[in-house]
Structure formats: structure tokens, C-alpha cells
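Trainee: Dumping the structure here so I can ask a few things about it.
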């Protein structure tokens, strides 16, 4: 019974299908999350401002570049192009989101300009966002530490001479 | 060696994404400047726009609630509240009318009938972290109104100044 349980736990961390599911899930989340930010950069910049954490000179630049990092990492995860590097970047982004939300929670601060120009697709609380981002971070970690052969990877590393497609 | 390969890949992804982002921002109709206006002491915070209509007028800003109060006392100005109905009902400048900017299409015809072009008005929203008053002002300018003033400190500044307010 104990050995059976150990085998199942090992399967979870070595199953290429679990890795594929994690990549497809996380990749889709990031692609979806990037779209509105790309379409409405001014509104996204206002959201970044609302954390009161970033120097004014950096806010617009972050609003312009961050959504494309999310989009490209999402595409890389879904297609299996440099998945580990993409997961490292998404993990780093998620960690920074978690830190930013936590700082504002600790401050008891919630940005609400009361304006229509800052649209929010959901009215999630800071705690809900923390839980959600922590889960996504765990998925990123799983992709990073996965060690068995991956399925459906166009180019697991850019250095690879031969492509692997499962 | 493995770590340096990953670093190169990470650098590649970040450079490609940054380049794509900057290029898209440059050609996008809703592109924003590389540096916005995020200092409240200088005025309403905003990301700005790469594609402002040069023919559009620059709305006059009232930079302190006390200045707005002087104009309020003349009785010649209509105060227009660009915030949502709920916020309007909770508290507004005394005598202000509600015109939520997100309902512009539904409300502008009635508004023009009641307050024809030529009406002197001061528009406000929440304060320096909100651009809705500017947005509404721009839309009304497009309808033919001129001389629109924006109270940039919004209802918050007015209320903190101890000036006349009312609520439902």
C-alpha cells in the first residue's frame, strides 16, 4: 500500500502529461491575461500606479513591456519552446505580483480612484488574488523542476539540434 | 554551462518581448508615451497618449478647490459630476448635476436639451487620480461646448475644503 502511494507520487512529478497540462494551463492563463493589457495600456499603467510601489518614470515602460513578456511566455509554454526559461520568467513575475499585493495588504491599502477609466474584469479581493497567484506560482515551479522527458515540445532548448514533438 | 544557457534563453525571451511591446506601442492608436505623468502635485495623474488629437482644445484646469469655490459663488457655473450615480448620491458639490462619463451615449441628448451649448460649466470627478472629468470634458467639447473647466481635485478636494455639499 505504502509502495503504491510512493509510486503514484513519483508519477505525478515525472508524468509528461502532467507537465503538458501544467504548461497548457499556465500558458493559457498568461496569454489571456496579456490581451486586455495590450489593448488598453493606459488603463494598465493606472493599475500599476495604484500599487504606489513603482517610480513614476518606470510605470509606462512596465505597462508597455510586461504584457508582451506575459504573452510571449504564454506562447512558449503552450508550444513547448524554451518552457523552463519561460516558466522561470512567469515564476519571477508571479513572485513579484505576490510581493506587491502582500505589501499593499499589509499597508491596508487598496487603490480605488472611483473612475470608469480603470476597468477591472473582476472584483477579486487582494486575498483571492494572492491565493490565485500562489497557485500559479506553484505550477511554474512544477514546470521548472520537472525532469523527465517532455511531451509536445517544439524546442525544449534553443541549443537542441533536433526538435522533439512527443 | 546549463545555467548560462538558461540565462541566454531568458535574456532572449525578454528582449524579444520588450522589442515587440515597444514596437506595438509605437504603432498602436492607443499607444502611450514612455514616460507618463504620475506626480499628483503636478496635476491629474495619467499615462498620457501618443495620439492626442492636436485639433482638440486643452481643457482649463482649476488647480485648487478654493479657486473653484470662488467660481461656485458667482452662481454662473454649472457643476457637472462625472462619477457614477452611486457616488453622486452619496455626496456631491451642492447643486451639481450627474453625468456619469460611462453613460455618455445614453445621456448626452437630454443633457444638451437641459443645458444648451454655451452653458458655462465645471466638471469634476474623484480627484487627481481620476481622468473621467477630462474625458467627459473632451466629449462635451466635441458636442460644441467651449470654455469647460475641470476641477482637478474633484469631490474629495471640495469636501476636504469644507465647501457646500449635498447628498440623497
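Trainee: Using a 7 Å offset from the Cα along the Cα-to-Cβ direction at both residue A:151 and residue B:139, what is the distance between the two label points in nm, to one decimal?
Mentor: Between residue A:151 and residue B:139, the simple spin-label model gives 5.1 nm.
Trainee: Please give, to one decimal in nm, the separation of the simple spin-label points placed at residue B:113 and residue B:146, each 7 Å out from Cα toward the Cβ.
Mentor: 2.7
Trainee: Please state the relative contact order of the range B:1-48 as a whole percent: Cα pairs under 8 Å, 6+ residues apart?
Mentor: The value is 20 percent.
Trainee: At a Förster distance of 22 Å, what's the computed FRET efficiency of residue A:58 paired with residue B:163, Cβ-Cβ distance as r, to 0.05? If you can, show how the numbers build up before the last one.
Mentor: Details: r = 36 Å, r/R0 = 1.65.
Given R0 = 22 Å and the Cβ-Cβ separation, E is 0.05.
Trainee: Another question, if that's okay. So, in nm, how far is label residue B:76 from label residue A:33 when the simple model puts each one 7 Å beyond its Cα toward the Cβ?
Mentor: If labels sit at residue B:76 and residue A:33, their model points lie 5.4 nm apart.
Trainee: Can you give me the angle between helix B:2-27 and the longest principal axis of chain B, using Cα atoms only, in degrees from 0 to 90, rounded to the nearest 10?
Mentor: 40
Trainee: Which residues among the range A:53-79 fall inside the zone where the amide N is under 11 Å from a point 7 Å beyond the Cα of residue B:35, along Cα→Cβ?
Mentor: Once the point is set 7 Å along Cα→Cβ of residue B:35, A:56-58 turn out to lie under 11 Å by backbone N, inside the range A:53-79.
Trainee: Please compute, for the alpha-carbon atoms of the range B:118-168, the extent along each of the three principal axes and give them in descending order in Å.
Mentor: For the range B:118-168, the Cα spread along each principal axis is 33, 23, 20 Å.
Trainee: Same structure, new question: To the nearest 500 deg cm²/dmol, what mean residue ellipticity at 222 nm is calculated for the protein assembly as shown from DSSP H runs of n ≥ 4 alone, each contributing -39,500 (n - 2.57), summed and divided by the residues?
Mentor: Working: 12 runs with 186 residues, N = 334.
It lands at -18500 deg cm²/dmol.
Trainee: To continue, here is another question. Length gain on complete extension for the stretch residue B:60 to residue B:4, per 0.36 nm per residue less the alpha carbon to alpha carbon distance? It would help to have the intermediate numbers written out before the result.
Mentor: Working: separation 56, 0.36 × 56 = 20.16 nm, distance 5.55 nm.
Working it through step by step, the gained length comes to 14.6 nm.
Trainee: Also: Using only the alpha-carbon atoms, how far is helix B:65-74 inclined from the longest principal axis of chain B? Give it as 0 to 90 degrees, nearest 10.
Mentor: Rounded to the nearest ten degrees, it is 30.
Since every read-out is calculated from the coordinates, none of them should be taken as a lab result. What you see is a predicted model, and the numbers here were worked out from it, not measured in a lab. Reconstructed Cβ throughout: ideal geometry from the backbone, glycine too, with neighbour counts over all protein chains shown.
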